[in-house]
1. According to a simple spin-label model (label point 7 Å from Cα along Cα-to-Cβ), what is the distance in nm between residue 254 and residue 83?
2. Just to be sure I understand the model, the point goes 7 Å from the Cα along the line to the Cβ. What's the resulting residue 197 to residue 221 distance in nm?
3. Given R₀ = 25 Å, what would the calculated FRET efficiency be for residue 107 paired with residue 183, taking r from the Cβ atoms and rounding to 0.05?
4. Compute the length gained on full extension between residue 143 and residue 161: take 0.36 nm times their separation in residues and subtract their Cα-Cα distance, giving the result in nm to one decimal.
5. Mind giving me the nanometre distance, one decimal, between the label points for residue 118 and residue 213, set 7 Å out from Cα along Cα→Cβ?
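What follows is calculated from the coordinates using simple rules that are stated; it is not laboratory data. Since this is a predicted model, take the numbers as computed values, not measurements. Positions of Cβ are backbone-derived with ideal geometry, glycine not excepted, and every protein chain shown enters the neighbour counts.
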């Protein structure tokens, strides 16, 4: 297994370097871009193959995100929106990653919520996996003032990998919607280049907050319908350099967005959300690495309608 991954990385490295060296003389920035692509592809390879790695066992009585405490002088959501308003897309991604890694995340997002997924075994038994998910999409700021923040796949994977999270599968997204306490109605904004702007990020977040207030949403309760999900899928191993999007449900079994890999991994727009899943789940009531589950064909089918998540 390790030899296979190293071989994959070697192939990706050769490809990226060849591309970079081929364009270096005429375009000096190409090599730097190729190196960034290389690391992104490696991240995708490792994420898609659901590597077995050490994770902390979830305290099933009070599971929490292992994110550093938020400093008192951290930017609020509206302050962060102002801070990134004039940044390039790449600068904005770097700022998002920096804020989340240092712990500028609302308190209500830190307590994870259990979601159950089921599948029937050949013997006729019902198999159950309990995953632990953030109650809403990743946000920057305080409980009183936060911004649900879209991000591209590179940033999402870097954050997830740093803290031992995974992105949800399509089947997980469906289960989260069905088991949510609140179902917000999707609120699409006019399409166009502005979809990727910080102004749209902020405007859409304000629309969500207005709707949340109207239904009496309590922070920390599981909510869905407010964003599309960035998901993991085997399609990414066949369409390297893409981002996979799914969801934004109007109702049970009614996602606006079918599973799609149309956009490149650098793409993010206002409608995207990052919902993280703990690296530890319960299967048969016993803690088990989510990475193990995703690689086990018999168990993976409970949490993924594609079966095991692999890199091929």
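1. 3.9
2. Placing both labels 7 Å beyond Cα along the Cβ direction yields 3.5 nm.
3. Numbers: r = 23 Å, r/R0 = 0.94.
Between residue 107 and residue 183 the formula returns 0.60.
4. Numbers: separation 18, 0.36 × 18 = 6.48 nm, distance 2.45 nm.
Between residue 143 and residue 161, full extension yields 4.0 nm more.
5. If labels sit at residue 118 and residue 213, their model points lie 3.9 nm apart.
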